[in-house]
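Student: Here you go, one structure.
The values are calculated or read from the model by the stated rules, or taken from the named source; none is laboratory data. This one's a predicted model, so the numbers in the text were calculated from it and none came from an experiment. Cβ placement follows ideal geometry from the backbone for every residue including glycine, while neighbour counts extend to all protein chains displayed. Note: accessible area is taken over every heavy atom of the protein model, side chains too, but ligands, DNA and RNA are not part of it. Shrake-Rupley method; radii C 1.70, N 1.55, O 1.52, S 1.80 Å.
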Amino acid sequence: MTFDELKNCKYAVIGNPIAHSKSPQMQNAGFEFYGMGSIYGKKFVEKEELAEFVEFARKNLNGFNITVPYKQDIIPFLDEISRSAQMSNSVNTVRIENGRLSGTSTDGVGLATALQVHFNKDVEGLKVVFAGAGGAAQAAAWYFACNGAESIFIANRSLSKAEQLASALKKAFPDLECDICELADGEKLSSFLQRSEVLIQATSLGLKAEDNAPFDFDVLANISGLCVYDLIYKETELLNYCREHGIKHANGSDMLLYQGAASFEFWTGKKAPVEAMRQGLENAL
Ligand code: NDP
């Protein structure tokens, strides 16, 4: 959308790329439920255009979502930011009131709600393994640590990124059990999984048919009671493996739904019409 087209909207999602985003269909189903019309658009923004977008938003919008790659870049433009967003250095939702911009991250609560709905797991006391340490894993790990998770293990291709995240988490939460390994270190990953209830697949692998497996799925064999949540919105090789081996599993579409529902409530103060938003999302996926 151009800035002129976006003037007909009150909310939007920005990113690069953005064409694939299903947030407009999901959020507009929510706004239409309340008779507010289709007021959520999407805008491709280059990094150099961020400042221009923010000034446009300040004057014309009530809020916006931020997706890859700007969840961190948006922070210097904001007037205030929630504690967990500040800790994870990631903002995916901005509310605008009287020209003031307040940022938060709903990725963590979106994932937590999906784990509750699919596996009946609460974040408090949770023992969890992240495969991946990118933006999504970081936002979720900080949300989990802030909300009483017992242990967080991080397996990542680049060990340095896992190390950075784990040492920041341990500094902020000295009682949290936290350890790291390389994604390819099957022995250590397997020992983390034996001591955990949930594995979160948070690498970007699995979206395309030609993607390699993020790790050797055989590490999942003989681990009783483990639940596997894949952040990718569709069925992946990992989820197929889980189905074939009787492992509880779910794909990332409900995380997307519940983070969107939390954004809707942050903006409007109204209860998100989750079923209408789910329908909007399913029609778009
Ligand atoms: P980032 O780009 O920030 O992180 C990507 C992660 O994938 C890193 O851990 C990276 O490892 C790893 N990775 C990438 N390529 C490879 C590879 N070839 N082998 C091993 N590891 C690899 O992405 P995000 O964290 O933002 O997103 C991750 C996934 O989660 C995406 O697919 C995204 O669509 C999905 N997502 C889903 C959401 C939902 O609502 N369901 C919300 C947000 C994200 P390294 O550090 O070594 O580069």
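Condition check ((1) in the same structural domain as Glu177 (by TED's automatic domain parsing); (2) surrounded by 13 or more Cβ atoms within 10 Å (Cβ to Cβ)) across all residues:
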position: Arg195; (1), (2): yes, yes
position: Ser224; (1), (2): yes, no
position: Glu235; (1), (2): yes, yes
position: Phe264; (1), (2): no, yes
position: Trp267; (1), (2): no, yes
position: Ala272; (1), (2): no, yes
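Student: How about the range 7-74: which strands (runs of 3 or more DSSP E) wholly inside it have at least 1 residues that are more than 15 Å from Asn92 (Cα to Cα) and in contact (Cβ under 8 Å) with a residue 24 or more places away in the chain?
Tutor: Values: elements: 11-15, 40-44, 63-66.
Passing ranges, in order: 40-44.
Student: In this structure, does Ser204 turn out to be of a type in the set (Gly, Ala, Ser), at pLDDT 95 or above, within 16 Å of the ligand (Cβ to nearest atom) and surrounded by fewer than 17 Cβ atoms within 10 Å (Cβ to Cβ)?
Tutor: In short, no.
Student: Taking the range 219-256 as the region of interest, how many residues are hydrophobic (A, V, I, L, M, F, W, C), without any contact (Cβ under 8 Å) to a residue 60 or more places away in the chain, part of a loop (DSSP other than H, G, I, E, B) and within 16 Å of the ligand (Cβ to nearest atom)? Walk me through it before giving the result.
Tutor: Looking only at the range 219-256, we keep the residues that are hydrophobic (A, V, I, L, M, F, W, C), and these are 219-221, 223, 226-228, 231-232, 238-239, 242, 247, 250, 255-256.
Imposing the further condition that a residue be without any contact (Cβ under 8 Å) to a residue 60 or more places away in the chain reduces the set to 219-221, 223, 226, 228, 232, 238-239, 242, 247.
Checking which are part of a loop (DSSP other than H, G, I, E, B) leaves us with 221, 223, 226, 232, 247.
If we keep only those that are within 16 Å of the ligand (Cβ to nearest atom) too, we end up with 232.
Residues in the range 219-256 being hydrophobic (A, V, I, L, M, F, W, C), without any contact (Cβ under 8 Å) to a residue 60 or more places away in the chain, part of a loop (DSSP other than H, G, I, E, B) and within 16 Å of the ligand (Cβ to nearest atom): 1 in total.
Student: If only one of Gly125, Gly108 is modelled with pLDDT of 95 or more and open to solvent by less than 20 Å² (accessible area, probe 1.4 Å), which one is it? Let's see the steps before the verdict.
Tutor: Working: Gly125 fails: open to solvent by less than 20 Å² (accessible area, probe 1.4 Å).
Checking each option against the conditions leaves just Gly108.
Student: A further question on this structure: I need the full set of residues from the range 176-196 which are in a helix (DSSP H, G or I) and touching a residue at least 24 places away in the same chain (Cβ under 8 Å), in order please.
Tutor: Going through the range 176-196, the residues in a helix (DSSP H, G or I) turn out to be 186-194.
Once the filter is applied, which keeps residues that are in a helix (DSSP H, G or I) and touching a residue at least 24 places away in the same chain (Cβ under 8 Å), the range 176-196 yields Gly186, Lys188, Leu189, Ser190, Phe192, Leu193, Gln194.
Student: Then there is this: Could you grab me the full set of residues in the range 72-119 that are among the β-branched types (Val, Ile, Thr) and closer than 15 Å to Ala137 by Cα? Even if it seems obvious, please write down each step before you answer.
Tutor: Restricting attention to the range 72-119, the residues satisfying the condition of being among the β-branched types (Val, Ile, Thr) are 74-75, 81, 91, 93-94, 96, 104, 106, 109, 113, 117.
Matches in the range 72-119: Val91, Thr106, Val109.
Student: Of the numbered conditions (1) at pLDDT 95 or above; (2) in a loop (DSSP other than H, G, I, E, B); (3) within 16 Å of the ligand (Cβ to nearest atom), Gly260 satisfies every one except a single condition; which is it?
Tutor: So the condition that Gly260 fails would be (2).
Student: Quick one: count up the residues across the range 34-60 that are among the aromatic types (Phe, Trp, Tyr) and open to solvent by 30 Å² or more (accessible area, probe 1.4 Å).
Tutor: Initial filter on the range 34-60 (among the aromatic types (Phe, Trp, Tyr)): 34, 40, 44, 53, 56.
Going one step further and asking which of them are open to solvent by 30 Å² or more (accessible area, probe 1.4 Å), we end up with 34, 44.
Residues that pass the stated criteria total 2.
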